[in-house]
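Colleague: My questions will all concern the structure given below.
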Amino acid sequence: MVIESLFYFSLAVLQALEDGLKKADADPSVKAVMICGENGKFSAGADIRGFSAPQSHPGIGLAPIVSLIESSEKPVVAAIEGVALGGGLEVALGCHYRVAHVKARMGLPEVTIGLLPGAEGTQRLPRLIGVPAALDMITTGKHIPATEALKLGLVDEIAEENTIEAAIRLANKVIGQPLAPRRLSLKPVPTLPNMEAFLREALVKVKKQARGCLAPELCVQAVRAASERPFAEGLRRERELFRLLLSSGQARALQYAFFAERAVRRWATPAGASWSSANAQPVRSAAVIGLGTMGRGIVTSLVKANIPVVALEQDLENLKKGRKAVMLLLEREAMKMEGGAQRLDFHNPARLQFTVDFDLLRDVDLVIEAVFENMALKKEIFHKLSKICKPGALLCTNTSALNINEIASATSRPQQVIGTHFFSPAHVMRLLEIIYGSHTSPSAIATAMQLAKALNKIGVVVGNCFGFVGNRMMFPYVQQAVFLLEEGSRPEAVDEVLEDFGFKIGPFRMSDLAGLDVGWRSRQGQGLTGPSLPAGTPARQRHGQRYSPLPDLLCEHGRFGQKTGHGWYLYEKAGGRTATPDPWLHNFLARYRDTHGIKARAIDQEEILERCLFALINEGFAILAEGIASGPEHLDVIYINGYGWPRHRGGPMFYASTVGLPRVLAKLEQYSEVHPDVPGLRPNAFLRKLVAVGSPPLQEWMSYVSWQSPKL
Ligand SMILES: CC(C)(COP(=O)(O)OP(=O)(O)OC[C@H]1O[C@@H](n2cnc3c(N)ncnc32)[C@H](O)[C@@H]1OP(=O)(O)O)[C@@H](O)C(=O)NCCC(=O)NCCSC(=O)/C=C/CCCCCCCCCCCCC(=O)O
């Protein structure tokens, strides 16, 4: 008998499974049962949306179904095609045998949505594949390919072609064989000589990896229960821990992030262009201009995506340096991949070509310019590109702040110019901010989004303004961090608060890593510091607003961060990575305060957190009101994937909604009153409006935006 299931479980699917199993058990003519999915997909597990209404969640019925499958007196074989994830894999674990298609993937990704495999998965999996492998799968949520599943003993057979037929063959073969040895609930968990130490270390590891995130920690506890308690008691513990996670708030944030990352694919612009009507152009070849840090990562990313690349530098010396660095990156990437260098084929000039000759860009479908942030240079390059490249080619600029319209104005085809803001390291970071200018065509946006997908990145479409979304929100955050130093705090104190909140890295460590000279050059360009600053400008004021010259002063002392061995922290050497608090910096801050008559005060953690985060969030409301992004999810996806925002807090705008908009507003009002010369702390009108209309849920915010004066 064959029972089919659906892509993800609804109550109806579970009911069908139960009915089918009962019918099969009762029917003497049925000798074995095979469970498979529809359309080549076994199951992606329970419907994630349902967890916001747990009482009526279909998942509640899943564990009894898994038990029902396992206790069947007839052999039950799972035929796994596509994916078997979460509850889907738990159903397969209830089966007596598992056959997987060679291209199938399996995993227990509940941890990534703030939960644990609550349909008995934490108790069955360790019994099948042992504690180390089970713990790895359960605490990381990674998907494993069928070949690895076979090695682990997770599946019994792999089918190269027809999985259903292979599963039926196996079912026929095992009819009449005893089922008890195949019932995982009856098996003991394989012992380890050092189980206690292993579990202790695993806990330390997950706590370090996912700072402040509850789910990985509770997953370890559930697996510990499997290793220490009888099956039924382990199940009770699993259920208890699952409930704890469900009510923790983190699960809601992580599930929001899951759907937000999918929602941003449905992009739209205030002018009416959208994903549903725009057509992407094929990208069969690409070129990258500039082989600095960003260019190297972008080339690597393109090669990994199997897109032939021409990599261009301005002269042979830079080309040689760039080529060496790219090859090294590719070799490292190849080592991590199955099939390695052969699969990437980067020694083949048809796949990757290095040149100083612009003429080789004539036929490519897409160019990504990745030279350093200099408007004049970028315009010169785009002027050249517009003359050389074929008419349909998409011209992308990798910039973190510069005006896309101005760059496009150097070409004869502004409709094909678009910003693609990669994040460093570009072959690793998943975010791609895609910036359309006033003339960018819908098809160009669709093509850039398609490119993001091909590069395995999350593309987020945003409008054109200084710093776009990510950096624009970052400016007030970093500004508050520096103001806090002026007022009496220290870099390590500020970083610690933000890292405890969950950021991978605090603002000062981040600034040291990125290089203080980057911002310095930008501020010089804006006339905020350096020779173009008008004489007589007050040291701590620009355009009537508070300004801190601290980062400029550090640069004037040659303190550029890690690269020079000192910045906000001290490092063991130039290029060193280990930051230690620097007594020189502390003295420098004290002297600075004396010079400017600032009386240092003790600043508590709450003020550090609120001033930095609420200033960032406040800018987010401005961005939404101006139509620079089409929804709060866009901002959150950018922050989670590009700026190390803790995923389990759902992104800055989601966080604001959990704190409560009235509280965010009240705090901003309070800080703004104390610092009237800091516009970043002045509550944005859109935030005020949302509070005035009763703080609607985040999903409804955009219906309160009036786009009378979009800055697009
Ligand atoms: C790999 C994927 C499956 C596919 O990827 P891809 O091909 O890229 O496609 P996507 O764009 O990602 O997805 C396509 C659309 O499908 C939507 N989708 C996918 N999976 C799900 C899902 N599981 N639920 C809902 N929606 C899903 C996706 O959003 C896309 O939609 P759209 O096109 O954007 O509209 C990939 O999608 C993926 O990885 N999916 C997630 C897989 C996953 O995480 N699965 C685990 C789910 S959780 C689970 O299975 C748990 C089961 C056990 C439950 C145990 C319950 C115990 C009950 C205890 C109850 C306690 C009671 C409390 C009350 C009390 O106190 O008493």
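The values are calculated or read from the model by the stated rules, or taken from the named source; none is laboratory data. Every value quoted in this text rests on a predicted model; they were computed, and no experiment measured them. Every residue, glycine among them, receives a Cβ derived from its backbone with ideal geometry; neighbour counts consider all protein chains shown. Surface areas here come from the heavy atoms of the whole protein model, side chains and all, with no ligands, DNA or RNA. Shrake-Rupley method; radii C 1.70, N 1.55, O 1.52, S 1.80 Å.
Colleague: Regarding the stretch 456-466, can at least one residue be identified that is outside the structural domain of Ala305 (by TED's automatic domain parsing) and among the charged types (D, E, K, R)?
Modeller: The answer is no; no qualifying residue exists.
Colleague: Give Ala222, Ala253 a once-over and let me know the one that is within 28 Å of the chain's Cα centre (by Cα), in the same structural domain as Ala656 (by TED's automatic domain parsing), open to solvent by less than 80 Å² (accessible area, probe 1.4 Å) and at pLDDT 95 or above.
Modeller: Answer to the selection: Ala253.
Colleague: While we're looking at this one, here's another question. Restricting to the stretch 96-118, name every residue that is away from the ligand (no atom under 16 Å from the Cβ), aliphatic (A, V, I, L, M) and open to solvent by 10 Å² or more (accessible area, probe 1.4 Å).
Modeller: Of all residues in the stretch 96-118, those away from the ligand (no atom under 16 Å from the Cβ) come to 96-99, 102.
This time we only want the ones that are aliphatic (A, V, I, L, M), so: 99, 102.
Residue satisfying the conditions is Val102 alone.
Colleague: Among the residues of the stretch 46-57, is there at least one that is among the charged types (D, E, K, R) and either open to solvent by less than 10 Å² (accessible area, probe 1.4 Å) or more than 10 Å from the ligand (Cβ to nearest atom) (or both)?
Modeller: Step one: filter the stretch 46-57 for residues among the charged types (D, E, K, R), giving 47, 49.
If we keep only those that are either open to solvent by less than 10 Å² (accessible area, probe 1.4 Å) or more than 10 Å from the ligand (Cβ to nearest atom) (or both) as well, we get none.
Checking the stretch 46-57: not a single residue is among the charged types (D, E, K, R) and either open to solvent by less than 10 Å² (accessible area, probe 1.4 Å) or more than 10 Å from the ligand (Cβ to nearest atom) (or both).
Colleague: Taking the condition in a loop (DSSP other than H, G, I, E, B), within 16 Å of the ligand (Cβ to nearest atom) and within 18 Å of Ala446 (Cα to Cα), does Arg284 pass? Full working, then the answer.
Modeller: Numbers: in a loop (DSSP other than H, G, I, E, B): yes; within 16 Å of the ligand (Cβ to nearest atom): no; within 18 Å of Ala446 (Cα to Cα): yes.
No: the conditions fail for Arg284.
Colleague: Mind listing just one residue for me: the one in the stretch 220-252 that is without any contact (Cβ under 8 Å) to a residue 24 or more places away in the chain and among the basic types (Lys, Arg) and, of those, farthest from Gly141 (Cα to Cα)?
Modeller: Checking each candidate, the answer is Arg229.
Colleague: Within the stretch 451-464, identify whether any single residue is within 24 Å of the chain's Cα centre (by Cα), basic (Lys, Arg) and not in a loop (DSSP other than H, G, I, E, B), and answer yes or no.
Modeller: We begin by selecting, within the stretch 451-464, every residue within 24 Å of the chain's Cα centre (by Cα); these are 451-464.
Checking which are basic (Lys, Arg) leaves us with 453, 457.
If we keep only those that are not in a loop (DSSP other than H, G, I, E, B) too, we end up with 453.
Checked the stretch 451-464: at least one residue is within 24 Å of the chain's Cα centre (by Cα), basic (Lys, Arg) and not in a loop (DSSP other than H, G, I, E, B).
Colleague: Return only the number of the condition from (1) within 13 Å of the ligand (Cβ to nearest atom); (2) open to solvent by less than 30 Å² (accessible area, probe 1.4 Å) that Arg265 does not satisfy.
Modeller: All conditions pass for Arg265, except number (2).
Colleague: Which is outside the structural domain of Ala514 (by TED's automatic domain parsing), among the aliphatic types (A, V, I, L, M) and open to solvent by 10 Å² or more (accessible area, probe 1.4 Å), of Val659, Val637?
Modeller: Being outside the structural domain of Ala514 (by TED's automatic domain parsing), among the aliphatic types (A, V, I, L, M) and open to solvent by 10 Å² or more (accessible area, probe 1.4 Å) holds for just one of Val659, Val637, which is Val659.
Colleague: Do we find that Leu85 is in contact (Cβ under 8 Å) with a residue 40 or more places away in the chain, open to solvent by less than 10 Å² (accessible area, probe 1.4 Å) and in the same structural domain as Ile138 (by TED's automatic domain parsing) in this structure? Full working, then the answer.
Modeller: Numbers: in contact (Cβ under 8 Å) with a residue 40 or more places away in the chain: yes; open to solvent by less than 10 Å² (accessible area, probe 1.4 Å): no; in the same structural domain as Ile138 (by TED's automatic domain parsing): yes.
Considered against the rule, which asks whether it is in contact (Cβ under 8 Å) with a residue 40 or more places away in the chain, open to solvent by less than 10 Å² (accessible area, probe 1.4 Å) and in the same structural domain as Ile138 (by TED's automatic domain parsing), Leu85 comes out as no.
Colleague: Checking Glu217 against (1) under 30 Å from the mean Cα position of the chain (by Cα); (2) without any contact (Cβ under 8 Å) to a residue 40 or more places away in the chain; (3) surrounded by fewer than 16 Cβ atoms within 10 Å (Cβ to Cβ), only one condition comes out false. Which one?
Modeller: Tallying (1) under 30 Å from the mean Cα position of the chain (by Cα); (2) without any contact (Cβ under 8 Å) to a residue 40 or more places away in the chain; (3) surrounded by fewer than 16 Cβ atoms within 10 Å (Cβ to Cβ), Glu217 fails exactly one: (3).
Colleague: Out of Arg577, Arg647, report the one residue that is among the basic types (Lys, Arg), farther than 16 Å from Ser489 by Cα and touching a Cys at 6+ places or on another chain (Cβ under 9 Å). Spell out the reasoning first.
Modeller: Values: Arg577 fails: touching a Cys at 6+ places or on another chain (Cβ under 9 Å).
Exactly one residue qualifies, and that residue is Arg647.
Colleague: Now for a separate question. Does Gln450 qualify as being in contact (Cβ under 8 Å) with a residue 40 or more places away in the chain and under 26 Å from Lys384 (Cβ atoms)?
Modeller: Taking the combined requirement at face value, the residue satisfies it.
Colleague: Being open to solvent by 10 Å² or more (accessible area, probe 1.4 Å) and more than 29 Å from Asn641 (Cβ to Cβ) narrows it down to one residue among Arg343, Arg362; which is it? Give the steps one after another, and end with the answer.
Modeller: Working: Arg343 fails: more than 29 Å from Asn641 (Cβ to Cβ).
None of the others qualify; the one that does is Arg362.
Colleague: Out of the stretch 70-82, which residues are surrounded by fewer than 24 Cβ atoms within 10 Å (Cβ to Cβ) and more than 29 Å from the chain's Cα centre (by Cα)?
Modeller: Hits for the stretch 70-82 are Glu70, Ser71, Ser72, Glu73, Lys74, Pro75.
Colleague: Taking Ile623, is it aliphatic (A, V, I, L, M), at pLDDT 95 or above and under 19 Å from the mean Cα position of the chain (by Cα)? Steps first, answer last, please.
Modeller: Numbers: aliphatic (A, V, I, L, M): yes; at pLDDT 95 or above: yes; under 19 Å from the mean Cα position of the chain (by Cα): no.
Answer is no for this residue.
Colleague: For the stretch 139-198, enumerate the residues that are touching a residue at least 24 places away in the same chain (Cβ under 8 Å), surrounded by fewer than 18 Cβ atoms within 10 Å (Cβ to Cβ) and among the acidic types (Asp, Glu).
Modeller: Glu157, Glu160
Colleague: Would you tally the residues in the stretch 100-155 being of a type in the set (Gly, Ala, Ser), touching a Phe, Trp or Tyr at 6+ places or on another chain (Cβ under 8 Å) and over 15 Å from Val223 (Cβ atoms)? Spell out the reasoning first.
Modeller: Of the residues in the stretch 100-155, the ones of a type in the set (Gly, Ala, Ser) are 100, 104, 107, 114, 118-119, 121, 130, 133-134, 141, 146, 149, 153.
Next cut, touching a Phe, Trp or Tyr at 6+ places or on another chain (Cβ under 8 Å) only: 104, 118.
From what's left, over 15 Å from Val223 (Cβ atoms): 104.
Looking only at that region, the number is 1.
Colleague: Under the condition of being open to solvent by 10 Å² or more (accessible area, probe 1.4 Å) and under 29 Å from the mean Cα position of the chain (by Cα), which residue from the stretch 119-134 is farthest from the ligand (Cβ to nearest atom)?
Modeller: Pro132
Colleague: Let me ask something else. What helices (runs of 4 or more DSSP H) lie completely within the stretch 327-425 and have 1 or more residues being in contact with a helix residue (DSSP H, G or I) (Cβ under 9 Å, 6 or more places away or on another chain) and more than 23 Å from Ser438 (Cβ to Cβ)? Spell out how you get there, then give the answer.
Modeller: Values: elements: 340-344, 375-388, 404-408.
Passing ranges, in order: 340-344, 375-388.
Colleague: Right, next: Within the bounds of the stretch 617-624, is there any residue that is open to solvent by 30 Å² or more (accessible area, probe 1.4 Å), closer than 30 Å to Val469 by Cβ, out of contact with any strand residue (DSSP E or B) (no Cβ under 8 Å at 6 or more places or on another chain) and in the same structural domain as Asp552 (by TED's automatic domain parsing)?
Modeller: The first filter runs over the stretch 617-624 and keeps only residues open to solvent by 30 Å² or more (accessible area, probe 1.4 Å), leaving 619.
Now restrict to residues that are closer than 30 Å to Val469 by Cβ: 619.
Going one step further and asking which of them are out of contact with any strand residue (DSSP E or B) (no Cβ under 8 Å at 6 or more places or on another chain), we end up with 619.
Next cut, in the same structural domain as Asp552 (by TED's automatic domain parsing) only: none.
Within the stretch 617-624, none of the residues are open to solvent by 30 Å² or more (accessible area, probe 1.4 Å), closer than 30 Å to Val469 by Cβ, out of contact with any strand residue (DSSP E or B) (no Cβ under 8 Å at 6 or more places or on another chain) and in the same structural domain as Asp552 (by TED's automatic domain parsing).
Colleague: I'd like the full set of residues that are open to solvent by less than 40 Å² (accessible area, probe 1.4 Å) and in a helix (DSSP H, G or I), limited to the stretch 287-303.
Modeller: Gly295, Gly297, Ile298, Val299, Thr300, Ser301, Leu302, Val303
Colleague: To continue, here is another question. Exactly one condition in (1) more than 19 Å from Phe614 (Cβ to Cβ); (2) assigned to a helix (DSSP H, G or I); (3) open to solvent by less than 20 Å² (accessible area, probe 1.4 Å) is not met by Arg509; state its number.
Modeller: In the conditions (1) more than 19 Å from Phe614 (Cβ to Cβ); (2) assigned to a helix (DSSP H, G or I); (3) open to solvent by less than 20 Å² (accessible area, probe 1.4 Å), Arg509 misses (3) alone.
Colleague: I would also like to ask the following. Select from the stretch 62-88 the residues that are more than 8 Å from the ligand (Cβ to nearest atom), aliphatic (A, V, I, L, M) and within 18 Å of Pro126 (Cβ to Cβ) and list them in ascending order.
Modeller: Val66, Ala84
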